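Derivation of every value follows stated rules applied to the coordinates shown; laboratory data play no part. Here the structure is a predicted model, which is why all the values come from computation and not from measurement. Ideal geometry is used to build each Cβ from the backbone, glycine not excepted, and the neighbour counts take in all protein chains shown.
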Amino acid sequence: MSYKNYPMVSRVVFGRGSFNQLDEIISPKRLSVKAPFIFLVDDVFKGNSWLTSRIPLAYEDKLLYISANEEPKTSQVDKLVEDIILTSKERPSGIVGIGGGTIMDLAKAVSIMLTNDGESKNYQGWDLVKNPAVYHVGIPTISGTGAEVSRTTVLTGPDKKLGINSDYTPFDQVILDPELTKDVPKQQWFYTGMDCFIHCIESLNGTFLNAFSKSYGEKAYELCNELFLDNNLTPEEAQDKLMMASWHGGMSIAYSQVGVAHAMSYGLGYVLGTKHGIGNCIVFDHLEEFYPEGVALFKKMKAKNNIEIPKGLCDNLSDDEFNTMINVAMGLEPLWENAIGKNWKKVITPQKLKDLYQKM
Ligand code: NAD
Ligand code: ZN
């Protein structure tokens with residue numbers, strides 16, 4: 001047996017207001033005055049000078065506002081890379097992503113595709129990237145996905161929704177400033193927060209579990225209980241703790257895998273465009289059979305926070321659409337193997353998944 005030798009985020013700053021240090025952190029990484037920093041910023045911050053006035057633009061740096069209404073697509077990554085190449089005199093000094101999981105993933109993917117030939121769809125999978133990415137910085141503004149710490153960037157391509165998993169994917173620098181999450185709307189806070197909770201449940205109940213994953217997963221799980229059940233934290237404490245829960249949840253799955261909810265949510269996302277956080281919640285609500293304790297807790301958290309989960313998503317799907325959804329979900333072999341074990345195909349059949357999807 002040979003063990004995986006994983007890279008990690010090389011540097012991380014944590015603290016309320018640490019975003020103010022962005023300039024001093026990235027300045028030494030400027031390669032030349034012609035090699036710009038490209039800031040990819042969630043367009044929810046357009047016109048928000050509290051945040052944008054602190055983005056240190058100099059020389060030929062560019063700030064691109066990006067909508068997070070849809071999750072990242074391979075075509076979107078390719079277009080961004082082409083535009084950056086066409087409008088920059090030299091290869092960029094760095095890519096800085098400021099936003100949620102959507103923007104984190106775009107920043108990672110763009111930084112990889114600036115130094116690797118061809119189209120991003122060719123790199124969806126495990127360890128297909130050949131060249132190191134350009135310097136890339138992640139600054140999360142909503143907590144839960146763990147995208148700030150992970151070794152993947154999840155993209156929807158022409159024939160699959162799958163990450164670019166590689167040693168060059170993790171950020172070179174992350175800035176964890178919990179204050180940046182202060183205006184996240186409540187529903188979204190819950191959906192993205194539950195992504196973290198579900199990472200814990202899937203990791204802690206998976207067959208790939210080991211002491212490394214367990215230690216991180218248990219910590220994140222404990223923080224999620226404090227955040228979504230006990231509800232006796234100040235807003236600042238809650239922002240700080242959720243940011244660290246997200247980090248730990250991400251670290252937990254680094255050395256294990258996610259499971260049933262993620263596999264099925266990818267299927268929903270691929271066919272219906274359902275976003276990751278809410279999609280996971282829709283699916284997880286029906287997974288008592290696989291995660292009895294986790295789902296019971298989830299239902300309590302939902303009630304405690306007055307959250308309604310959408311229903312009836314699959315009511316009008318055609319057979320073709322069901323088949324695509326099922327194929328996308330079943331294609332994620334490592335997730336099923338983690339959730340169920342090597343013989344997962346005995347338990348998980350297309351009909352089984354169809355029955356589950358029909359409840360959603
Ligand atoms: P998101 O980035 O899609 O953002 C959700 C919403 O919150 C958007 O409307 C956004 O504009 C808004 N928002 C973000 N920050 C805000 C703030 N501070 N104030 C107000 N509004 C704010 O959501 P997400 O759940 O963080 O990310 C989901 C994405 O992450 C999916 O594309 C998923 O595939 C990806 N993901 C990646 C990994 C990974 O390891 N790479 C892991 C899990 C999920
Ligand atoms: Zn997730």
remark   = Phi-derived 3J(HN,Hα) across the stretch 108-115 with the Karplus relation (6.51, -1.76, 1.60, θ = phi - 60°), rounded Hz, x for Gly and Pro, is 5, 5, 5, 5, 6, 6, 6, 10
Inter-label distance for E236 and E90, nm, one decimal - labels placed 7 Å from Cα along Cα-to-Cβ = 4.2
request  = Considering only I201, I85, I38, give the residue with the highest GNM mean-square fluctuation for the chain, with springs between Cα atoms whenever their separation is below 10 Å.
outcome  = I85
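If you take every residue apart from I38 with its C-beta less than 14 Å away from the C-beta of I38, what net charge results, scoring Lys and Arg +1 and Asp and Glu -1?
Details: positive: K29, R30, K34, K62, K79, K89, R91, K108; negative: E60, D61, E82, D83, E90.
That works out to +3.
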query = What spacing in nm lies between the two simple spin-label points modelled at N343 and A211, each 7 Å away from Cα in the Cβ direction?
reply = 3.0
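Across the chain, where is the longest run that never hits chymotrypsin sites (Phe, Trp or Tyr not before Pro) in a DSSP loop with at most 14 other C-beta atoms within 10 Å? Show your work: numbers first, answer last.
On the way: sites that count: Y3, Y59.
That would be 60-360.
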remark   = A correct Karplus calculation of ³J(HN,Hα) over the stretch 247-254, with 6.51 cos²θ - 1.76 cosθ + 1.60, θ = phi - 60°, whole Hz and x for Gly and Pro, returns 4, 5, x, x, 5, 5, 7, 4
ask   = GluC sites (Glu not before Pro), restricted to the stretch 11-75: which are DSSP loop and have at most 14 other Cβ atoms within 10 Å?
value = E70
ask   = Sequence-distant or interchain residues sharing an amide H contact under 5 Å with L63, placed H: which?
value = F39
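Just in the stretch 239-328: which GluC sites (Glu not before Pro) are loop by DSSP and have at most 11 other Cβ atoms within 10 Å?
Values: sites: E288, E289, E293, E308, E321; in loops: E288, E289, E308.
Here the GluC sites (Glu not before Pro) that fit, given the DSSP loop and packing criteria, are E289, E308.
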message = I want to verify a result. In a Gaussian network model of the chain, Cα cutoff 10 Å, which of these has the top mean-square fluctuation: P28, P72, P235?
response = P28
ask   = Relative contact order (percent) for the chain, with alpha-carbon contacts under 8 angstrom and 6 or more residues of separation?
value = 15
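Could you put L155, L209, L128 in order, starting from the residue whose Cβ has the fewest other Cβ atoms within 10 Å?
Details: L155 25, L209 17, L128 12.
Least crowded to most crowded, the residues run L128, L209, L155.
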message = Only four residue types carry charge here, +1 at the Cβ of Lys and Arg and -1 at the Cβ of Asp and Glu. Report the dipole size of the stretch 49-137 about the Cα centre in Debye, rounded to the nearest 20.
response = 180
ask   = Mind checking which of D159, D195, D172 has the largest fluctuation in a GNM of the chain, springs on alpha carbons under 10 Å?
value = D159
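What's the local net charge at F208, with K and R +1, D and E -1, over the other residues with C-beta under 14 Å away?
Values: positive: K4, K214, K342; negative: E202, E333, E337.
Neighbour charge sum, excluding F208 itself: 0.
Work through the residues other than V347 whose Cβ is under 12 Å from its Cβ and net out their charges, Lys, Arg +1 and Asp, Glu -1. Show your work: numbers first, answer last.
On the way: positive: K342, K345, K346, K352; negative: E289, E337.
Counting the neighbours of V347, the net charge comes to +2.
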